[in-house]
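Working notes for the structure below.
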Amino acid sequence: MELFEAIAAQRAIRRYNPDPVPEEAIRKIIEAATRAPSGGNRQPWRFIIIRDPELKRKLGEYYKVGITRAYGNRVPAPPADETPAQRRRREASAWLTDHMGDVPVLIMVCAYNEDDPAATNLAQLGSSIYLAVQNLLLAATGLGLGTVITTLHKLCDAEVKELLGIPKEAETAALIPLGYPGNVSFGGSRRRPIEQVMFYDRWGTVKPSSA
């Protein structure tokens, strides 16, 4: 898939079929992630590829706990005028909540300041980490694999780090499920026209000044 096709096709995939992901594809995706630029070329990213069923099951449980801690009982009932698109998103999110541990591969993305581990700070390293994550997502799309960024595991961060043997100095940045899409296709996500989000020289100026 050509780059701009992958960009247009990329979307959050929250349903996966059980087909295994080839090792070659995983390595190609992580290789693409590591080609991202980083401040001082420090390359502060680390990627844990999780395929062990028991580890995935426990991470799925922590994901559910994270949702409960984040939202409690505040998840509203579907509105009476729920659109088909809203219903699909809600049902897909519910599927992932129930099946995170069943996805073929989970990727834990971590930030780690190798030069000074104790100074690892995701707020500072995020501009490098999430560039790598976007490369990862696009590479996966190009190979026909679905992904979505999740971060609710951070509400169980200590337990997750202990489970995966992550050093205390490192920070977890995202938990990304990876697999072939189940009952969903790439693309189709609606976006605002660029005229609504692109300005020239000053906020709100939608037309460039004449040369």
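Throughout, read-outs are computed from the coordinates displayed, never taken from laboratory work. These figures come from a predicted structure and were not determined experimentally. For neighbour counting, all protein chains shown are included, and Cβ atoms are generated from backbone atoms with ideal geometry for every residue, glycine included.
Things to note:
- CD proxy at 222 nm, helix term only [per DSSP H run n ≥ 4: -39500 (n - 2.57); per residue of the chain; nearest 500]: -12500 deg cm²/dmol
- Among PRO208, THR172, LEU136 the positive-end extreme of the charge dipole of the range 128-211 (Cβ point charges): PRO208
- Over the range 128-173, the fraction of Cα-Cα pairs per 5 Å bin, rounded to whole percents and listed from the shortest bin up, is 5, 18, 22, 19, 20, 13, 4.
- Subset of LYS28/LYS56; LYS64/LYS154; LYS28/LYS64; LYS58/LYS154; LYS28/LYS154; LYS28/LYS168 violating a 19 Å alpha-carbon distance limit: LYS28/LYS56; LYS28/LYS64; LYS28/LYS154; LYS28/LYS168
- For ALA173, residues with placed amide H under 5 Å, excluding near neighbours: VAL109, CYS110, ALA111
- Under the membrane-span-like helix rule (DSSP H runs whose alpha carbons stretch at least 24 Å along the helix axis, mean Kyte-Doolittle hydropathy 1.0 or higher), the chain yields 122-142.
- Ratio of Rg to Rh over the chain (Cα coordinates, Kirkwood Rh, two decimals): 1.00
- Peptides 176-182, 40-46, 190-196 ordered by average Cβ neighbours within 10 Å, highest first: 176-182, 40-46, 190-196
- Projecting the Cα positions of ALA92, LEU122, GLN43 onto the charge dipole of the range 39-163 (unit charges on Cβ atoms of Lys, Arg, Asp and Glu, taken about the Cα centre) puts ALA92 furthest along the positive direction.
- For the chain, a crude dipole built from +1 on the beta carbon of Lys and Arg and -1 on the beta carbon of Asp and Glu, taken about the Cα centre, is about 680 debye to the nearest 20.
- Under 5 Å from the amide H of TYR16 lie the amide H atoms of GLY182, each residue being 5 or more positions distant or on a separate chain, with H modelled from the backbone and absent for Pro and chain starts.
- At 1.306 mPa s and 10 °C, Stokes D of the range 1-76 from Kirkwood alpha-carbon radius, µm² per second: 98 µm²/s
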